[in-house]
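Novice: One structure is given below, represented as structure tokens, and several questions about it will come after.
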Amino acid sequence: MKVFALVGMLALALASGSALAASTSSSDGALAVKNGDGRVIFNGRGGVIGRIDLGQVTIKDPNPNDGTGPIVTGADQTVPLGERTTRYTGKNIRFRIIGGTFTVTVNRNGITMSVIGKGLVTMDGTNDTDGTYALNADPVQPFPVFKLTLPLAASGSANP
């Protein structure tokens with residue numbers, strides 16, 4: 001399963017640097033989304049790596065000094081929405097932000113992404129999606145066709 005290999009690569013990337021090691025802990029959770037259509041929002045602390053076939057990615061990074069900052073390729077259009085928020089629109093957009101606190105909102109078609117960290121995840125799919133997701137240590141599920149907000153934290157963690 002390529003999505004879970006992507007989660008493993010993200011875990012390795014987060015654990016490989018001493019500056020980033022502080023951004024992960026034993027209470028971090030994991031999210032893997034494969035081919036979702038709709039919207040995924042992660043608001044928290046950790047790392048995200050992903051891509052979309054078509055749509056937009058909006059990244060709010062309130063503190064650019066607490067991680068890598070957003071790295072985005074393939075966007076046809078980049079629009080600043082504020083001092084620390086940018087929207088990227090196009091086809092085959094690839095994005096990542098590792099370390100620190102941030103919000104990533106991904107909209108439209110073919111969402112494939114991996115998240116490791118603590119915070120809240122909101123997924124809201126379309127009726128015709130054939131995507132899947134796996135949250136924390138739970139089994140793979142169909143991508144939800146209704147708004148679903150869940151904590152991203154390791155199983156048994158008290159608070160995200």
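The values are calculated or read from the model by the stated rules, or taken from the named source; none is laboratory data. Just so you know, these numbers come straight off a predicted model, no measurement behind them. As a convention, Cβ positions derive from the backbone with ideal geometry for all residues, glycine included, and neighbour counts pool all protein chains shown.
Novice: Given (1) surrounded by fewer than 16 Cβ atoms within 10 Å (Cβ to Cβ); (2) of a type outside the set (Asp, Glu); (3) in contact (Cβ under 8 Å) with a residue 12 or more places away in the chain, where does Val106 come up short, assuming only one miss?
Specialist: It fails just one condition, (1).
Novice: Next question. Can you tell me how many residues within region 15-35 are modelled with pLDDT under 95 and not in a loop (DSSP other than H, G, I, E, B)? Even if it seems obvious, please write down each step before you answer.
Specialist: Going residue by residue through region 15-35, those that are modelled with pLDDT under 95 are 15-28.
Next, only the ones that are not in a loop (DSSP other than H, G, I, E, B) stay: 15-16, 18-21.
The qualifying residues number 6.
Novice: Does Phe95 count as crowded, with 23+ Cβ neighbours inside 10 Å and under 13 Å from the mean Cα position of the chain (by Cα)?
Specialist: Answer is no for this residue.
Novice: Still on this structure, please answer the following. Looking only at region 129-156, count how many residues are among the small types (Gly, Ala, Ser), at pLDDT 90 or above and not in a strand (DSSP E or B). Please lay out each step first, then the result.
Specialist: To start, the set of residues in region 129-156 that are among the small types (Gly, Ala, Ser) comprises 131, 134, 137, 153-156.
With at pLDDT 90 or above added as a condition, the list becomes 131, 134.
Subset that is not in a strand (DSSP E or B): 131.
Matching residues across region 129-156 total 1.
Novice: Where the second residue is at pLDDT 95 or above and the first is on the phi > 0 side of the Ramachandran plot and lies in region 128-146, which pairs have Cβ atoms under 6 Å and are six or more apart or on separate chains?
Specialist: Asn136/Gly29
Novice: I would also like to ask the following. Output yes when any residue across region 89-98 is free of Cβ contacts under 8 Å to residues at least 12 places away in the same chain and not hydrophobic (A, V, I, L, M, F, W, C), and no when none is.
Specialist: Narrowing region 89-98 to residues free of Cβ contacts under 8 Å to residues at least 12 places away in the same chain: none.
Looking for residues that are free of Cβ contacts under 8 Å to residues at least 12 places away in the same chain and not hydrophobic (A, V, I, L, M, F, W, C), one finds none in region 89-98, hence no.
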